[in-house]
1. Give 152, 127, 111 a once-over and let me know the one that is surrounded by 14 or more Cβ atoms within 10 Å (Cβ to Cβ), under 15 Å from residue 65 (Cα atoms) and basic (Lys, Arg).
2. On the basis of being out of contact with any helix residue (DSSP H, G or I) (no Cβ under 6 Å at 6 or more places or on another chain), of a type outside the set (A, V, I, L, M, F, W, C) and free of Cβ contacts under 8 Å to residues at least 24 places away in the same chain, does residue 76 make the cut?
3. Would you point out the residue of the stretch 136-155, among those that are of a type in the set (Lys, Arg) and under 20 Å from residue 98 (Cβ atoms), that is modelled with the highest pLDDT?
4. Given 48, 40, which one is surrounded by 14 or more Cβ atoms within 10 Å (Cβ to Cβ) and not assigned by TED's automatic domain parsing to the domain that holds residue 125?
5. Would you confirm whether or not the stretch 33-51 contains a residue that is without any contact (Cβ under 8 Å) to a residue 60 or more places away in the chain, part of a helix (DSSP H, G or I), closer than 29 Å to residue 126 by Cβ and under 18 Å from the mean Cα position of the chain (by Cα)?
6. Take residue 21 and decide whether it is of a type in the set (A, V, I, L, M) and either not in a strand (DSSP E or B) or not assigned by TED's automatic domain parsing to the domain that holds residue 169 (or both).
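The values are calculated or read from the model by the stated rules, or taken from the named source; none is laboratory data. None of the values given here were measured: they were computed from a predicted structure. Cβ atoms come from the backbone with ideal geometry, glycine included; neighbour counts cover every protein chain shown.
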Amino acid sequence: MSWLFEDPTTLIVAGVLIEALLAVALVNSRQTKLAWAMLGVMALMMLGLSIERLVITDYEQVETILDATAASLAANDVEGVLAKIDPEAVGMRQQVQATLSHAHVSAAHIRDLSVRFHRQTSPPTARAEFIGNVKGSFRTGVDAGEGTVIRRITVDFVRRGDRWLMTGYEDLGPPIGPGRAHGDD
């Protein structure tokens, strides 16, 4: 059902095609029952789009967390970033605090997101892979610089109640090739 809940394009295209076919049939036959059928198809499309808006999938939740984390980074909001990290992930929390204390971020974005879910684990886990783009000024030791860092990153997640929280990450180096589609294990 992810074709409906994550991307309504298929629903819209199918609905428009069915409406077009019904419109051609209506013009050729002038049967009023085809107009009723067109109204029914339109109502079904609207219902499907409403459901798509209401249902928030795990993929959308992970995507939202990563987008909110990028926004917190761009605002230099360390607490905002830490709020998205599992309290049990002490090492990640410390590493993020240490890194952000030596940086002033002016922009942060993600692209080419793919997420793989592991629902058979208890609690469920996920791994997101994406290309991160962070612009700002950075200090490491005596060195300081300004620029843009573009890296392929993986972030591990755990589901705590109804929330997905980050538990760890890995820098995979400079990006090579496009991202992969998300899926389930």
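1. 127
2. no
3. The qualifying residue modelled with the highest pLDDT is 151.
4. Working: 40 fails: surrounded by 14 or more Cβ atoms within 10 Å (Cβ to Cβ).
48 is the lone residue from the list that is surrounded by 14 or more Cβ atoms within 10 Å (Cβ to Cβ) and not assigned by TED's automatic domain parsing to the domain that holds residue 125.
5. We begin by selecting, within the stretch 33-51, every residue without any contact (Cβ under 8 Å) to a residue 60 or more places away in the chain; these are 33-51.
So of that shortlist, the ones also part of a helix (DSSP H, G or I) come out as 33-51.
Okay, now just the ones that are also closer than 29 Å to residue 126 by Cβ, so 48-51.
Narrowing further to those that are under 18 Å from the mean Cα position of the chain (by Cα): none.
Among the residues of the stretch 33-51, not one is without any contact (Cβ under 8 Å) to a residue 60 or more places away in the chain, part of a helix (DSSP H, G or I), closer than 29 Å to residue 126 by Cβ and under 18 Å from the mean Cα position of the chain (by Cα), which makes the answer no.
6. Yes: the conditions hold for residue 21.
A quick yes/no check of all residues on (1) modelled with pLDDT of 95 or more; (2) of a type in the set (D, E, K, R); (3) under 16 Å from residue 153 (Cα atoms); (4) in a helix (DSSP H, G or I):
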residue	(1), (2), (3), (4)
79	no, yes, no, yes
87	no, no, no, no
92	no, no, yes, yes
95	no, no, yes, yes
104	no, no, no, no
107	no, no, no, no
112	no, yes, yes, no
115	no, no, yes, no
123	no, no, no, no
